[in-house]
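K.L.:
Pasting in a structure now, in structure tokens, and then I'll have a few things to ask.
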């Protein structure tokens, strides 16, 4: 059984994301080190207005700088700090190298009993809105992701983020019909 967190976890890289997804049911955004895309940062800001944002970066100098940078811009973010002595595989000491128990320890205040939320967005609905398929749908998807501050999204990520933020269908329609 995966542990559910109704909030956004910010991590440094793809290996952290894959590791956390193996035992957590949570929305996760990667910073790609210091190179977080502005669109993804805007998404984190949007989430911070209605949900918890948890920064789970590595316990090293780079992780500290990433946390510091995010905390300056998102003052209500929570910092989950892992014990570096419990994060050691192949001479690496990042989140992806932690023991699962250590990650669960630092995330314990955020773990909730899973609640069933309606998933109003699915592939068929996005297809009905012209958001799947050819290159024109890709451009439209990019436009609404900018308008709604959802970060960079492929179709699957768009579905997840629309459902995660519980965005009203009218708000989506408005973003689709709004000119650039």
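K.L.:
Please count how many residues of region 69-111 are surrounded by fewer than 13 Cβ atoms within 10 Å (Cβ to Cβ) and within 20 Å of the chain's Cα centre (by Cα).
P.N.:
So the answer is 6.
K.L.:
Looking at 58, 25, which one is outside any helix (DSSP H, G or I), outside the structural domain of residue 153 (by TED's automatic domain parsing) and within 23 Å of residue 145 (Cα to Cα)?
P.N.:
That would be 25, the only listed residue that is outside any helix (DSSP H, G or I), outside the structural domain of residue 153 (by TED's automatic domain parsing) and within 23 Å of residue 145 (Cα to Cα).
K.L.:
Ok, one more. Tell me the helices (runs of 4 or more DSSP H) entirely within region 78-180 that contain at least 1 residues that are touching a strand residue (DSSP E or B) at 6+ places or on another chain (Cβ under 9 Å) and in the same structural domain as residue 51 (by TED's automatic domain parsing).
P.N.:
Of the helices (runs of 4 or more DSSP H) lying wholly inside region 78-180, those with at least 1 residues that are touching a strand residue (DSSP E or B) at 6+ places or on another chain (Cβ under 9 Å) and in the same structural domain as residue 51 (by TED's automatic domain parsing) span 100-107.
K.L.:
Still on this model: Just to be sure before I move on: is residue 19 at pLDDT 90 or above, assigned to a helix (DSSP H, G or I), over 28 Å from residue 144 (Cα atoms) and assigned by TED's automatic domain parsing to the domain that holds residue 100 in the structure I sent?
P.N.:
Yes: the conditions hold for residue 19.
The values are calculated or read from the model by the stated rules, or taken from the named source; none is laboratory data. Owing to the predicted nature of the structure, the values given are computational and were not obtained by experimental measurement. Virtual Cβ from ideal backbone geometry, glycine too; neighbours counted across all protein chains shown.
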